[in-house]
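Structure record follows, encoded as structure tokens.
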Amino acid sequence: MKNPQIRILLADDHMLMRMGLSTLVACEEDMKIVGEAKNGRQAVELAHALKPDIVIMDLMMPELGGAEATKLIHEAYPEIKIMVLTSFGTSKEMSDAITNGADGALMKDTAAEDLISAIRSIIAGERIIPDRLLRQAEEDNVSPKLSERHLEILSSIARGQSNSDIAKQFGLSEISIKKQLSKIFESLGVSNRSEAVALALRKQMLKT
């Protein structure tokens, strides 16, 4: 008896990318495309309507990002597998997608045979996520604890203020601000202002 085909939903706002994936899948006897979504919201709606075996999800999409769409689909239909594709090796969105239940994470330039192999492996119950992305997802979900004052100082740095400006803002000496910065750097595990701001933004620690 012939095995049932793997039913795939494509979610990508680039038509050429969807066409390429469709052409690739069409060559595989055990796979078929059951739907295509051009934004994250449509991906959630089609997942509900079509109940595919797996969603191939672009991270960066209009209306609703891939990470949030992954969360909504995974929470409603945990049996649907989700593989996210991205053009970026690491990103907050990728970390969020992994945390939100993605079963696989691959770069968009992954070789065709590796992509097809990953789909089959995910359907078989494996999790296809590079170790470095898993590590980053774990790190991104552990935010260092900073005091309210330290967060205020960090926000001032993010706005481009100098130590002198920050000292005047809080009614402190520049020496005191330098000491506070040293404590902030130590807590964050960074060595300078730029690294501190970049990490705080990535972990969404700063109020916007």
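The table that follows gives values for the structure above.
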read-out: Selection from Leu9, Ala97, Met107 lying farthest towards where the dipole of the stretch 6-140 points positive, charges on Cβ; value: Leu9
read-out: Placed amide H near Met60: partners under 5 Å, 5+ positions off or other chain; value: Gly66
read-out: Using a Förster distance of 22 Å, the FRET efficiency for Leu50-Glu75 (Cβ separation, nearest 0.05); value: 0.80
read-out: The stretch 148-202, dipole about Cα centre (Lys/Arg Cβ +1, Asp/Glu Cβ -1), debye to the nearest 20; value: 20
read-out: Helix-only mean residue ellipticity at 222 nm for the chain, each DSSP H run of n ≥ 4 adding -39500 (n - 2.57), per residue, nearest 500; value: -15500 deg cm²/dmol
read-out: Relative contact order for the stretch 6-140, counting Cα pairs under 8 Å that sit 6 or more residues apart, in percent; value: 20
read-out: Size of electric dipole in the chain: Cβ of Lys, Arg +1 and of Asp, Glu -1, about Cα centre, debye, nearest 20; value: 800
read-out: Length-normalised contact order for the stretch 30-72 - Cα pairs under 8 Å, 6+ apart - percent; value: 43
read-out: Pairs from Lys38/Lys203; Lys81/Lys108; Lys92/Lys178 whose Cα-Cα separation, in the structure shown, is over 26 Å; value: Lys38/Lys203; Lys92/Lys178
read-out: Within the stretch 2-68, trypsin sites (Lys or Arg not before Pro) in DSSP loop having at most 12 other beta-carbon neighbours inside 10 Å; value: Lys2
read-out: Sparse-neighbour loop sites [GluC sites (Glu not before Pro); the stretch 30-118; at most 15 other C-beta within 10 Å; DSSP]; value: Glu63, Glu79
read-out: Cut-off 15 Å, label 7 Å out along Cα→Cβ of Ser162, residues of the stretch 182-200 by amide N; value: none
read-out: Dipole-positive endmost among Gly189, Met60, Leu72 within the chain (Cβ charges, Cα centre); value: Gly189
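Where a number appears in this text, it was derived from the coordinates with a stated rule and is not lab data. Note that the structure is a prediction, hence the values are computed from the model and not measured. Reconstructed Cβ throughout: ideal geometry from the backbone, glycine too, with neighbour counts over all protein chains shown.
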